[in-house]
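**Q** One structure follows; several queries about it will come next.
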Amino acid sequence: MTEFEVAMRDGTVLRADVYYPVGAGPWPVLLARTPYGKQDEGVLKRLDPWGATRRGYLVIVQDCRGRFASDGVWEPLLHEGADGFDTIAWAASLPDATGRVGMYGPSYLGHTQRAAMATQPPALAAAVPAFTWSDADDGLLRRGGAYELGLVTQWTLNLGFDVLARRSGSELAVLNGALDEFAARTVWELPADDMPTLRRLGLSTPKPGAAVLPHADVPALAVGGWFDCFLQGTLDMEPSALIVGPWTHDNQTRHVGEVDFGPAADAAPWLARRELDFLDTFLKPDRGEHDDHFAALVFVMGIDEWRRFPSWPPQSADTAWYLHPDSSLAPHEAPESAPDTFDHDADDPVPTHGGALLIGPDFPPGPHDQAQIEKRDDVLVYTSETLHSPLEVIGRVRVHLFAESTAAGADWVARLCDVDPDGVSRNVTDGVLRTAQSADQPGEYVIDLWSTAHVFRPGHRIRVQVASSCFPRWDRHPAASQARHTVHHDPTRPSRIVLPIVLPVV
């Protein structure tokens, strides 16, 4: 391994480690650009540059601008397109390179790929962006208009160690204190999207209005997880091929949340190999093309098996299940009935418990028993009758909610759950919508629960939760400190969840 200096177009020097295969080149290049340190143990374990060199790749791992060994100022998201373009051009010109470059890596390393792809570097032949976003305002910074408080705050604080190390380091005690008291104090600071602790530390967060990354004409294998905080961005990037497991952002094993999804869910034996197989197709054209690389391979929860589709999403039928006044959920509209109400108190928000999270150890992601959430007075619960046949839900899930609030704005949180024969309710997918309207003015609100692949088995029941907070995953609505919320369910205001049902082949 050898460290190289790479000058960007503005003269800023970025540093990269280069791993060479044994023998004589030239070799195709694999590039990863990271803000977490090019010699970070976790980064190298996921990238496995030594394994890639054994497959005949020259591997480059570069520190992003303003991070660790690289010069410049760290400004999240801002420079990754131009710096990626310049680094790819340099990598392709190395004496031992074939001129073909591929990129790989998860999370922000996936974003550096997407940003570089958008600049259309001539030498970029393929990419494997994993567990990353397409639109910063749909999963990274915001979701449905609500601020991604937990994600942005913990991410910014953890990245702050290198930022402060470049200064005197005198504020490290403040940074450690903010992380130690993350759940008890830090996330309660106001204003949430301009947190006093982050201002004091001088830590930059991604700027609002970050551009939606366009579709790029670069072959890409996208990898994601049903409980990853960037799931929908993975699906929305229109990749050449897709893999989605029952995974979280940091966990691609069989054990996710409180569920064991079985040995087939464990990515360790095969995922890295499959990523390299895909890259081989485009960086080693003499290897030939493999049709099985151009499909959607998704893990269907509930029956715990992998399913291959020619494209995503598969054909399905949108089917409405309606909220009823007796806390039931049924595939027919509710009769005339009085609405349901609940009181929201910003000083006692509904706590985050499971889901597609990236907040830290206090808030584990994945499927979890929802008993502590569903017993609260500020959470409405609607449950179907016991199912007698399997119901296969694969695709985008939405809730249409006819609702109003005594406040001049509200957050509406909806969650789809699976209730097993023992009565345990576990979250499948959820979403939020922030609204601003005149007090006591009813409206129809469409809440995007993103996507899932889940079979509700016979003996199970479908459940929908409705609440007005999920803290600290999302910040508390600034206009609704205390309010009464009303949810309607009658023939003229049919609140419902719309499930994409995949019909059995006959």
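**Q** When only residues in the range 359-387 that are assigned to a loop (DSSP other than H, G, I, E, B) and small (Gly, Ala, Ser) count, which is nearest to ARG185 (Cα to Cα)?
**A** Ranking the candidates gives GLY360 first.
**Q** Right, something else. Among the residues of the range 489-506, which ones are open to solvent by 10 Å² or more (accessible area, probe 1.4 Å) and in contact (Cβ under 8 Å) with a residue 12 or more places away in the chain?
**A** PRO491, ARG493, PRO494, ARG496, VAL498, ILE501, VAL502, LEU503, PRO504
Table: residues versus (1) among the charged types (D, E, K, R); (2) surrounded by 24 or more Cβ atoms within 10 Å (Cβ to Cβ); (3) within 21 Å of TYR20 (Cα to Cα).
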{"site": "GLY72", "(1), (2), (3)": "no, no, no"}
{"site": "HIS79", "(1), (2), (3)": "no, no, no"}
{"site": "ALA82", "(1), (2), (3)": "no, no, no"}
{"site": "TRP90", "(1), (2), (3)": "no, no, yes"}
{"site": "LEU94", "(1), (2), (3)": "no, no, yes"}
{"site": "ARG100", "(1), (2), (3)": "yes, no, yes"}
{"site": "GLY105", "(1), (2), (3)": "no, yes, yes"}
{"site": "HIS111", "(1), (2), (3)": "no, yes, no"}
{"site": "PRO129", "(1), (2), (3)": "no, yes, no"}
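**Q** Okay, moving on. Which pairs have Cβ atoms under 7 Å, sit 6 or more apart or on different chains, and link a residue in the range 240-267 that is over 18 Å from ALA356 (Cβ atoms) and surrounded by 17 or more Cβ atoms within 10 Å (Cβ to Cβ) to one that is modelled with pLDDT under 95 and of a type outside the set (A, V, I, L, M, F, W, C)?
**A** Pairs that qualify, where the first residue is over 18 Å from ALA356 (Cβ atoms) and surrounded by 17 or more Cβ atoms within 10 Å (Cβ to Cβ) and the partner is modelled with pLDDT under 95 and of a type outside the set (A, V, I, L, M, F, W, C), are ALA241/HIS293.
A quick yes/no check of all residues on (1) assigned to a loop (DSSP other than H, G, I, E, B); (2) aromatic (Phe, Trp, Tyr); (3) surrounded by 14 or more Cβ atoms within 10 Å (Cβ to Cβ); (4) free of Cβ contacts under 8 Å to residues at least 60 places away in the same chain:
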{"site": "ALA320", "(1), (2), (3), (4)": "no, no, yes, no"}
{"site": "LEU329", "(1), (2), (3), (4)": "no, no, yes, no"}
{"site": "HIS332", "(1), (2), (3), (4)": "yes, no, no, yes"}
{"site": "ALA338", "(1), (2), (3), (4)": "yes, no, no, yes"}
{"site": "PHE342", "(1), (2), (3), (4)": "no, yes, yes, no"}
{"site": "ASP347", "(1), (2), (3), (4)": "yes, no, no, no"}
{"site": "LEU357", "(1), (2), (3), (4)": "yes, no, yes, no"}
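**Q** Kindly provide the set of residues from the range 308-318 that are buried (at least 16 other Cβ atoms within 10 Å of the Cβ) and within 26 Å of HIS489 (Cα to Cα), ordered by number.
**A** SER316 - this is the single residue of the range 308-318 that is buried (at least 16 other Cβ atoms within 10 Å of the Cβ) and within 26 Å of HIS489 (Cα to Cα).
**Q** Any residue at all in the range 169-181 that's crowded, with 20+ Cβ neighbours inside 10 Å and modelled with pLDDT of 95 or more?
**A** yes
**Q** Also, quick follow-up: Pick from the range 33-59 the residues that are in contact with a Ser or Thr (Cβ under 8 Å, 6 or more places away or on another chain) and open to solvent by less than 10 Å² (accessible area, probe 1.4 Å): which of them is farthest from THR156 (Cα to Cα)? Spell out how you get there, then give the answer.
**A** Kept after step one, since they are in contact with a Ser or Thr (Cβ under 8 Å, 6 or more places away or on another chain), are these residues of the range 33-59: 33-34, 40, 43, 59.
With open to solvent by less than 10 Å² (accessible area, probe 1.4 Å) added as a condition, the list becomes 33-34, 59.
Working: ARG33: 18, THR34: 15, VAL59: 28 Å.
Ranking the candidates gives VAL59 first.
**Q** Another question, if that's okay. Under 8 Å between Cβ atoms, at least 6 apart or on separate chains: pull out the pairs that start in the range 83-106 with a residue that is within 11 Å of ARG33 (Cβ to Cβ) and modelled with pLDDT of 95 or more and end on any residue that is among the polar types (S, T, N, Q) and assigned to a strand (DSSP E or B).
**A** So the pair list comes out as THR87/GLN62; GLY105/THR34.
**Q** Quick one: in the range 440-473, which of the residues that are aromatic (Phe, Trp, Tyr) and either touching a Ser or Thr at 6+ places or on another chain (Cβ under 8 Å) or open to solvent by 20 Å² or more (accessible area, probe 1.4 Å) (or both) is nearest to HIS388 (Cα to Cα)?
**A** In this case the residue turns out to be TRP450.
The values are calculated or read from the model by the stated rules, or taken from the named source; none is laboratory data. Keep in mind that this is a model prediction, so the values were computed, not measured. Note that we place each Cβ from the backbone using ideal geometry, even for glycine, and neighbour counts take in every protein chain shown. Accessible surface areas use protein heavy atoms only, side chains included; no ligands, DNA or RNA. Shrake-Rupley method; radii C 1.70, N 1.55, O 1.52, S 1.80 Å.
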